[in-house]
């Protein structure tokens, strides 16, 4: 895990190669994270993977989060790992919701796919697409992976209805019913 | 056919006799020991009169073949625990778990049914032969329990008929056994299966072609055609799924 100054050094180096790519850094509870411009995500990931001294060669996880009501709304998180130094680095790309503010309700947030860099990302990007409706441009086979193919909606978004039937416990009935 | 009349009590042991003959023989054997009303009552107590339906229900209830089938954590309680020596489902005549729905007549829905699993469960149910019974075991398969969300069917009775619900999360094996004996009592009553019509679950077994009702379901017919085409070197012969 790079420490806080180490994280700033990484940011500085990325600035030299890809100006404007790093929007922010955060170092919280010993975890280092870079907030990256989504348009340059593949460039930054490939630099972190290839550059001497960095060599984060393993994408240990790719996942997303919905930060509603914050804007930009969606975050795609890349957890990188260097297995020689056992150092972890989180890369975040924040995506705005194109359907917000009267936009096309069917439009999906888009980001470049990193399957060419990390083949393991193929299924994980499909999962993110499945649950959050984030489209990965350049993904070889972007379709649902866990939900049925004919499922409608993006169930892990925060505005997705919980659904089902309300469970009525005795306690709730007595106190709030 | 000639009916051979014989005096009751003269028939040698081991020979096949009618109920009436045995009844009279029992009375003969007791002649002298019991008299009058006592004798009548003694004989009545030793003879069981029943209807064929009741006997059939009794036989069905006491020789159940549960399907070896588990959905989630409830599967640890049933069918795994209840067949062990400690709980011993064999006491109720159901120790023979069958691994094929064709040979089973009870399916225990042991756990939550996800929306992707639901068609599979329904297919298993359809493949079981009549008469068949369903036990929804635990809160999840009865009502989705705590899984009030997008991935889980809100109660298995949304898509298939359920005969008995066992509450609990998970139910103790004793509760499953209690539910099982309740189900046995239900079976002995020969309940009318007509209510399953609302689930299209009557006569929904898939039959092999040429069987007594050679009308396979749509899916089975498709799979059959696909297999034929592959054998014959048709469009599916390259190994690619047809229609993908």
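Read-outs: derived from the displayed coordinates by stated rules, not from any lab. Note that the structure is predicted; figures quoted are calculated from it, not measured. Every residue, glycine as well, gets a Cβ built from its backbone with ideal geometry; the counts of neighbours run over all protein chains shown.
Determine, for A:47, B:195, the number of other Cβ atoms within 10 Å of each Cβ, and report the residues in order from fewest to most.
Details: A:47 18, B:195 11.
Ordered from fewest to most neighbouring Cβ atoms within 10 Å, A:47, B:195 come out as B:195, A:47.
List B:135, B:29 from most exposed to least, where exposure is judged by having the fewest other Cβ atoms within 10 Å. Working shown, then result.
Values: B:135 25, B:29 10.
Ascending Cβ contact count within 10 Å gives the list B:29, B:135.
For an R0 of 45 angstrom, estimate the FRET efficiency from the Cβ-Cβ distance between residue A:86 and residue B:225 and round to the nearest 0.05. If you can, show how the numbers build up before the last one.
Numbers: r = 56 Å, r/R0 = 1.24.
Efficiency, rounded to the nearest 0.05: 0.20.
Taking only the alpha carbons of the range B:60-199, what extent do you get along each of the three principal axes, in Å, biggest first?
Principal axes ranked by extent give 40, 34, 25 Å for the Cα atoms.
Once you wrap a convex hull around the alpha carbon atoms of the range A:4-163, what is its projected area averaged over all directions, in nm²? Intermediate values should be presented prior to the final figure.
On the way: hull surface 41.1 nm².
Over every viewing direction, the Cα hull of the range A:4-163 projects on average to 10.3 nm².
May I ask you to sort B:81, B:143, A:26 by Cβ crowding, counting other Cβ atoms within 10 Å and putting the fewest first? Show your work: numbers first, answer last.
Numbers: B:81 18, B:143 21, A:26 13.
By the 10 Å Cβ count, ascending: A:26, B:81, B:143.
Would you please give the FRET efficiency between residue A:144 and residue A:171, computed as 1/(1 + (r/R0)^6) with r the Cβ-Cβ distance and R0 = 35 Å, to the nearest 0.05? Don't skip to the answer; put the middle values down first.
Values: r = 38 Å, r/R0 = 1.08.
Calculated value: 0.40.
In whole angstrom, how far apart do the alpha carbon centroids of the range B:36-109 and the range A:67-143 sit?
If you average the Cα positions of each part, the centres end up 54 Å apart.
Along each of its three principal axes, how wide is the spread of alpha-carbon positions in the protein assembly as shown, in whole angstrom units, largest first?
Projected onto its principal axes, the Cα set of the protein assembly as shown covers 117, 65, 48 Å.
For chain A, find the longest principal axis of its Cα atoms and tell me its angle to the long axis of helix A:41-50, 0 to 90°, nearest 10.
50
From the helices alone, meaning DSSP H stretches of at least four residues, give me the mean residue ellipticity at 222 nm for chain A, per-run term -39500 (n - 2.57), in deg cm²/dmol to the nearest 500.
On the way: 4 runs with 43 residues, N = 177.
Counting only the DSSP helices, I get -7500 deg cm²/dmol.
How far apart, in nm, are the 7 Å Cα→Cβ label points at residue A:101 and residue B:37?
The modelled label-to-label distance comes out at 9.9 nm.
Based on the Cβ-Cβ distance of residue B:116 and residue B:19, what FRET efficiency does E = 1/(1 + (r/R0)^6) give at R0 = 51 Å, to the nearest 0.05?
On the way: r = 56 Å, r/R0 = 1.09.
The pair residue B:116/residue B:19 has a calculated efficiency of 0.35.
Helix A:4-17 against the longest principal axis of chain A: what's the angle in degrees, Cα atoms only, rounded to the nearest 10?
So the inclination is approximately 70 degrees.
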